Amino acid sequence: MAALTRLLKPSSSSSITFLFRRSLSSTTTAVVSDIESQHNQRPNFSDPKGSRNFQWVFLGCPGVGKGTYASRLSTLLGVPHIATGDLVREELSSSGPLSRQLAEIVNQGKLVSDEIIFNLLSKRLEAGESKGESGFILDGFPRTIRQAEILDEVTEIDLVVNLKLREDVLVEKCLGRRICSQCGKGFNVASINAKEENGRPAMSMAPLLPPSHCSTKLITRADDTEHVVKERLRVYQEKSQPVEDFYREQGKIMEFDLPGGIPESWPKLLEALNLEDYEVKRSAVA
């Protein structure tokens, strides 16, 4: 609790770095990840560097599918998927002092501070370390240059996957999102058939419909309105575009344009990551 109290007070980047570094101390090693091939060959991401597991970041606009694909890769690779949005929601559902502070911030539509985000991440990583977890796939973090710089000070990111989707499809996809009020699972009722337009290829996405026992319990997130979705996209472009450039300059970013829904995109993503054989081997063992 002492670390939590310190993080909630105004503090310098150095103090945040110190507290966050402590939670990563057992998995951080000196690593250099060269993901660019000088011979036009596909880079090999299927083997972690050094003595630890994968340390990846997923970037992309809100609603693009970061959680979906990061979660699938987490299962495939045996690496924890850590979504900062989930951490905030879990803290909000608790009864601690931080939950009350977070509720005030969220209800006012403000951004959660770097101090609180790093605190939640530190707690999550420490909890995982106590269970023997190694590596991570971060989803929704970092979102600002400051966060990316602090993360760079405390650990080595091997790869940054930047998911992209045309904006009209992204908006329609977000408006179709539904959550089961009972089990908490997410679904999507949108049936997307976007035509070829302005050089953008046609795209189809089938709905992700719930099972019968969830179909009558679906709710819509309060922030999944067209106005809010477009505002989130605007804010993302303003705040997070520089993060893409930050990792692009380091040669760590892999751009991935989603060609459609999960059936079309998942095999292509595995191919881009050179993991298609990895999935076959895991399936054979299972």
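For the range 89-108, the count of residues that are assigned to a loop (DSSP other than H, G, I, E, B), under 27 Å from residue 167 (Cα atoms) and at pLDDT below 80 is at least one. From the set of residues in the range 197-222 that are part of a loop (DSSP other than H, G, I, E, B) and at pLDDT 90 or above, which is surrounded by the most Cβ atoms within 10 Å (Cβ to Cβ)? My answer is 210. Tallying residues that are open to solvent by 30 Å² or more (accessible area, probe 1.4 Å), of a type in the set (Ser, Thr, Tyr) and over 10 Å from the mean Cα position of the chain (by Cα) within the range 53-104 yields 4.
How many of the residues in the range 160-193 are assigned to a helix (DSSP H, G or I), without any contact (Cβ under 8 Å) to a residue 40 or more places away in the chain and surrounded by 15 or more Cβ atoms within 10 Å (Cβ to Cβ)?
In the first step, residues of the range 160-193 are kept if they are assigned to a helix (DSSP H, G or I); the result is 167-175.
Subset that is without any contact (Cβ under 8 Å) to a residue 40 or more places away in the chain: 168-169, 172.
Cutting the leftovers down to surrounded by 15 or more Cβ atoms within 10 Å (Cβ to Cβ) gives us 169, 172.
Looking only at that region, the number is 2.
Can you pull out every residue in the range 145-178 that is among the small types (Gly, Ala, Ser) and under 26 Å from residue 135 (Cβ atoms)?
Pass one, the range 145-178, residues among the small types (Gly, Ala, Ser): 148, 176.
The one that is among the small types (Gly, Ala, Ser) and under 26 Å from residue 135 (Cβ atoms): 148.
Of all residues in the range 158-187, those that are closer than 30 Å to residue 148 by Cβ and among the polar types (S, T, N, Q) total 1.
The values are calculated or read from the model by the stated rules, or taken from the named source; none is laboratory data. Please read these numbers as outputs of a predicted model, since none were measured by experiment. Cβ coordinates were reconstructed from backbone atoms using ideal geometry, including for glycine residues, and neighbour counts include every protein chain displayed. For the accessible areas, the whole protein counts, side chains as well, though only heavy atoms, and no ligand, DNA or RNA atoms are used. Shrake-Rupley method; radii C 1.70, N 1.55, O 1.52, S 1.80 Å.
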